[in-house]
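First up is the structure itself, then whatever we jot down about it.
The values are calculated or read from the model by the stated rules, or taken from the named source; none is laboratory data. Since we're looking at a predicted model, the values are computed, not measured. Here the Cβ positions follow ideal geometry from the backbone for every residue, glycine too, while neighbour counts run over all protein chains shown.
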Amino acid sequence: MCVWRYIRKYPLSLAVILAVTYLSFFKPPSLGMSRIPHLDKVVHFCMYFGMSGMLWWEFLRAHRRGVVPRWHAWVGAFVCPVLFSGAVELLQAYCTSYRGGDWLDFAANSAGALLASLCGYVALCRAVRHR
């Protein structure tokens with residue numbers, strides 16, 4: 001399948017992925033937000049909830065007429081974001097001097113992707129039922 005086809009089907013998802021990538025690697029300014037415990041975990045959860053949720057939404061929009069196996073959505077909108085999250089955490093740990101990989105960040109990312117995927121799966125089941 002041509003890459004341009006994916007770009008046309010998933011433009012907002014691509015924008016979210018690029019934003020998450022940027023936010024994962026830029027050097028953040030010191031804002032004193034570290035006084036709020038676990039705020040960064042909430043941010044990680046929200047970023048990956050948004051990424052996975054957008055992938056599910058665009059998958060449902062792109063395939064509303066066709067019959068596509070449900071596992072395609074799970075791989076594209078859950079497994080890929082979780083693997084992406086793991087790769088980002090490893091790159092932060094081994095390729096940056098100002099960021100560190102963190103298992104709890106990975107867990108928060110995965111939880112966000114999981115919750116968005118459960119919501120997306122419910123929407124997919126409802127969409128299939130109403131056809």
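Assorted remarks:
- Annotation note: of Val122, Val88, the sole residue that is touching a helix residue (DSSP H, G or I) at 6+ places or on another chain (Cβ under 9 Å) and aliphatic (A, V, I, L, M) is Val88.
- Of all the criteria given as (1) exposed (fewer than 14 other Cβ atoms within 10 Å of the Cβ); (2) without any contact (Cβ under 8 Å) to a residue 12 or more places away in the chain; (3) closer than 26 Å to Arg5 by Cα, the one not satisfied by Arg70 is (2).
- The conditions of being surrounded by 17 or more Cβ atoms within 10 Å (Cβ to Cβ), closer than 26 Å to Phe25 by Cα, in contact (Cβ under 8 Å) with a residue 12 or more places away in the chain and of a type in the set (Phe, Trp, Tyr) are not met by Phe59.
- Residue in region 76-92 that is surrounded by 15 or more Cβ atoms within 10 Å (Cβ to Cβ), in contact with an Asp or Glu (Cβ under 7 Å, 6 or more places away or on another chain) and not polar (S, T, N, Q) present: yes
- Test: residue in region 44-55 that is under 18 Å from Arg8 (Cβ atoms) and in contact with a helix residue (DSSP H, G or I) (Cβ under 9 Å, 6 or more places away or on another chain): yes
- Matching helices (runs of 4 or more DSSP H) fully within region 26-131 where at least 3 residues are among the charged types (D, E, K, R): 39-62, 103-129
- Taking first residues from region 83-106 that are hydroxyl-bearing (Ser, Thr, Tyr) and partners that are assigned to a helix (DSSP H, G or I), the Cβ contacts under 6 Å between residues at least 6 apart in sequence or on separate chains come to Ser85/Phe106; Ser85/Asn109.
- Search result, residues across region 34-49 that are modelled with pLDDT of 90 or more and either over 21 Å from Pro81 (Cα atoms) or in contact with a Phe, Trp or Tyr (Cβ under 9 Å, 6 or more places away or on another chain) (or both): His44, Tyr48
- Filtered by the rule that a residue be loosely packed, with under 12 Cβ neighbours inside 10 Å and either touching a Cys at 6+ places or on another chain (Cβ under 7 Å) or farther than 16 Å from Glu89 by Cα (or both), region 12-26 gives a lone residue, Ala15.
- Looking only at region 10-23, and only at residues there that are over 12 Å from Met54 (Cβ atoms) and of a type outside the set (A, V, I, L, M, F, W, C), the one that is farthest from the chain's Cα centre (by Cα): Tyr22
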